[in-house]
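Written below as structure tokens is the structure these notes are about.
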Amino acid sequence: MTEITQIPVRNADGSEATLADHAGEVLLIVNTASKCGFTPQYADLEALQRQYKDGGFSVLGFPCNQFGGQEPGDAAEIANFCSLTYDVTFPVYAKVDVNGAEAAPLFKHLKKEAPGLLGSKAIKWNFTKFLVDRRGKVVDRYAPTTSPKDIAGDIEKLL
């Protein structure tokens, strides 16, 4: 089994990283976008972050421009948007692809561990959410239409 905290990711500044800083935490990993109909979910994701962070939980945002070009900005623009519009305090990483040959290793892993409807591996749109337990096991996948508020009970069970 791949240890999720060792999968390579890129920080917003482009530097190489892993999720090792989040080892032992319950994680909600989300592909995000600034110009999407679901973008207001940033507010609810931030509310989850603030409500549960002291219990060992973190939201991790991964901007993605693969769906309708809804994340056209560079890292600085994305960070400004998240901070100024939604007062986001959870980590927002470098922009990634979540599907296709260039898909980020993290999202390849998440899709393999938690396929979508009818076993589909592809992510259908922005704000697909993956819930990961403290041991790094992907326990659920949520559609973009699922409100972060509706995931709170599942998070509480893992904390």
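Whole number in Å², please: accessible area per residue of the chain, 1.4 Å probe, ligands, DNA and RNA not counted.
47 Å²
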| said: Please report the accessible area of Arg141 (heavy atoms, 1.4 Å probe, ligands and nucleic acids excluded) in Å², nearest 10. | reply: 40 Å²
| note | With all protein chains present, the range 13-135 has a carbon and sulfur share of its accessible area (1.4 Å probe) in percent of 53 percent
| Based on the mean of other beta carbon atoms within 10 Å per residue, what is the order of 22-29, 47-54, most packed first? | 22-29, 47-54
| Using the membrane-span-like helix rule (whole DSSP H runs, Cα extent along the own axis of at least 30 Å, mean Kyte-Doolittle hydropathy at least -0.5), which helices of the chain qualify? | none
| remark: Packing-ranked peptide list from 112-120, 142-150, highest mean Cβ count within 10 angstrom first, is 142-150, 112-120
| remark: Taking every other residue with Cβ under 15 Å from the Cβ of Phe81 and scoring Lys and Arg +1, Asp and Glu -1, one gets -3
| field | Under 16 Å from the Cα of Lys121 - lysines, other chains or at least 8 residues apart | value | Lys108, Lys111, Lys112, Lys129
| said: Restricting to Cα pairs below 8 Å that are 6+ residues apart, what does the relative contact order work out to for the range 1-134? Please round to a whole percent. | reply: 33 percent
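Determine the sum of side-chain charges near Pro115: Lys and Arg each +1, Asp and Glu each -1, restricted to other residues whose C-beta is under 13 angstrom from that of Pro115. List each step's numbers first, then the result.
Working: positive: Lys108, Lys111, Lys112, Lys121, Lys124, Arg141; negative: Glu113, Asp140.
Charge balance near Pro115 sits at +4.
The values are calculated or read from the model by the stated rules, or taken from the named source; none is laboratory data. Small disclaimer: the values here were computed from a predicted structure and weren't measured. A quick note on method: Cβ atoms are made from the backbone with ideal geometry, for glycine too, and the neighbour counts reach across all protein chains shown. Side chains are part of the model used for accessible areas, which takes the heavy atoms of the whole protein and leaves out ligands, DNA and RNA. Shrake-Rupley method; radii C 1.70, N 1.55, O 1.52, S 1.80 Å.
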